[in-house]
Amino acid sequence: MATTDRARTRDGWFAAAGGAVAALLGAGLGELSAALIAPASSPFAAIGGALIDAAPPWAKDTAIAWFGTADKVALLTGIAIVLLAVACVAGLAERRRPPVGVAIAVALGIVGAAVALTRTDAGPLSWLPSLIAGATMALTLRMLMRMLSAQPTVRTDAAPADAPLDRPQEMDRRRFLAWTGGAAAIGLVAVLGATIVSGSSRAVAAIRAALRLPSPAVAAPPVPGGAELNIPGLADVVTPNDSFYRIDTALVVPQVDPADWSLRIRGMVQNEITLTWDELVALPLEEGYATLSCVSNEVGGTLIGNALWLGYPIRELLARARPMADADMVLSRSIDGFTASTPLEALTDPERWSILAVGMNGEPLPLEHGFPVRMVVPGLYGYVSATKWVVDLEVTRFDRATAYWTDRGWSERGPVKLQSRIDVPRPGQGLSAGDTVIAGVAWQPHVGVSRVEVQVDDGPWEEATLATAISYDTWVQWSLPWRATTGRHVLRCRATNALGETQTSDVAGVVPDGATGWHEFPVDVF
Ligand SMILES: Nc1nc2c(c(=O)[nH]1)N[C@H]1C(S)=C(S)[C@@H](COP(=O)(O)O)O[C@H]1N2
Ligand SMILES: [Mo]
């Protein structure tokens, strides 16, 4: 009896493993065919993208809070785990009650295909990879489970408990294991192949690497000598591209060849415009520093960076397009369907350096920062202004159109709030008593910062020394010497902007239009 039971549990494990392997093979061939057809049609990317778009705002915040910029890896891992669990269930079901497992596999394929069809960046064949994945999984499952149930596991004759299993049955198990192993190997090779092939959409990376941007007609003045305080642990005043925060809804970074890129300016305009890459870079480009920040940046958070951008003022293009008098918004659209609503006046204002950017810190935009063209609008959070891979500007009205995040509970307008952050010392860091320094950054792009004050415990607010700001469009570093005494101390800071307004102590979360409150935390001095 014991042997029969053992054989039954063992076959249960085999069935679950067979399900998992069938799913691996299906997913592998699905991803591989997607890589060959179009990266955006990857079943994983389509489902992940749909989940991102459907996620309520709190889910987005939690994902960013838990995983930071690894939120996409976490999401894909989550999808893989769920798929694996469903696959194991499908394996068990197919062994017990065929063709239930096959039906589950087919259903997975159909769901994937349906989701892929709804993606805005879907090509005409976007449904195919998911169906290939589902069909492969179904066929593999059927074949493997047939081998597994070729012989009844529960023998009706009363065989002695320790009798060896029948030869033919053992043969079937061996065959099952061999085929399962083979399918797993092919699945892994397919996944590997998909990674390599989709990497060959590195074609665009190669195009970017070979690209030479024109020199600016209007160069940025050099960074003032006193702008970088060079304090270890303090954020660099100019953020290098590879450490610049990245936030977007794109699971697969859009691959846009500049030769195929064009921008349409349309909607409530008297003169619709189409601009190609060659036309854009032939215009007199301007260079300047601007600080970009995310509305999801918590007080003290790091979803902010400052870069040297190269671009062309959007106001010049809008002047050519001639917006109608009653238009008040520009809905910018990315090639992957993301949209942002920017007040028209922020883009036409001669005082605001709103640009179509092509360069970042002396290079073409990195792919994940919007290559070949993105928007940058100093003073507005990224979600209402900084559209990456931008291909369309629709002049419209706030009461006629809403943007991606507005549809998900965020404010339709997002001016950047006055903020300051302590970088040195770190929260919770242990310090030795004596002379040290408190340092950080403060910002309200397009307005500018005039003062930063620091308070230790309940002591007086002390004015920090501001570094030289690069411009009112950038953040500014600050520092204050501190004679640290033994014990636990709470540090806090607050900024005052160029208009004389002091940063509010009122605590607000990031939804719907950006966090407020003072950055404060304890440090232990020994
Ligand atoms: N196409 C596209 N552009 C986008 C987004 C996006 O999801 N898709 N996110 C916006 C948000 S919320 C921010 S904060 C900035 C971030 O730009 P970065 O990733 O270059 O730092 O991009 C903006 N542009
Ligand atoms: Mo953002």
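Points worth noting:
- Subset of the range 243-271 (residues that are charged (D, E, K, R), under 14 Å from F371 (Cα atoms) and either away from ligand 2 (no atom under 16 Å from the Cβ) or outside any loop (DSSP other than H, G, I, E, B) (or both)): D257, D260
- For the range 272-300, the set of residues classified as assigned to a strand (DSSP E or B) and within 29 Å of the chain's Cα centre (by Cα) consists of T274, L275, T276, E286, E287, G288, Y289, A290, T291, L292, S293, listed by residue number.
- Residues being buried (at least 24 other Cβ atoms within 10 Å of the Cβ) and within 16 Å of ligand 1 (Cβ to nearest atom) - total across the range 310-340: 7
- Flag for L356 being assigned to a helix (DSSP H, G or I) and in contact with a helix residue (DSSP H, G or I) (Cβ under 9 Å, 6 or more places away or on another chain): no
- Which listed residue is touching a Gly at 6+ places or on another chain (Cβ under 9 Å) and either at pLDDT 95 or above or assigned to a loop (DSSP other than H, G, I, E, B) (or both), from R426, R492: R426
- Residues that are of a type outside the set (G, A, S), surrounded by fewer than 16 Cβ atoms within 10 Å (Cβ to Cβ) and part of a strand (DSSP E or B) occur at least once in the range 495-504.
Condition check ((1) of a type in the set (A, V, I, L, M); (2) within 11 Å of ligand 1 (Cβ to nearest atom); (3) at pLDDT 95 or above) across all residues:
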{"residue": "L229", "(1), (2), (3)": "yes, no, yes"}
{"residue": "L234", "(1), (2), (3)": "yes, no, yes"}
{"residue": "P240", "(1), (2), (3)": "no, no, yes"}
{"residue": "Y245", "(1), (2), (3)": "no, yes, yes"}
{"residue": "D248", "(1), (2), (3)": "no, yes, no"}
{"residue": "V252", "(1), (2), (3)": "yes, no, no"}
{"residue": "A259", "(1), (2), (3)": "yes, no, no"}
{"residue": "S262", "(1), (2), (3)": "no, no, yes"}
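- R374 closer than 17 Å to A403 by Cβ and within 16 Å of ligand 2 (Cβ to nearest atom): yes
- Total residues in the range 377-411, condition small (G, A, S), within 13 Å of ligand 2 (Cβ to nearest atom) and either farther than 24 Å from A55 by Cβ or outside any helix (DSSP H, G or I) (or both): 4
- Pairs, first in the same structural domain as S33 (by TED's automatic domain parsing) and surrounded by fewer than 16 Cβ atoms within 10 Å (Cβ to Cβ) in the range 109-123, second outside any loop (DSSP other than H, G, I, E, B) and modelled with pLDDT of 85 or more, C-beta under 7 Å, six or more apart: I110/G134
- Test: W475 is at pLDDT 95 or above, under 30 Å from the mean Cα position of the chain (by Cα) and of a type in the set (F, W, Y): yes
- Of all residues in the range 443-454, exactly one satisfies the criterion of being touching a residue at least 60 places away in the same chain (Cβ under 8 Å) and assigned to a strand (DSSP E or B), namely W443.
The values are calculated or read from the model by the stated rules, or taken from the named source; none is laboratory data. Keep in mind the model is a prediction, meaning the values are calculated, not measured. So basically every Cβ, Gly included, is an ideal-geometry build from the backbone, and we count neighbours across all protein chains shown.
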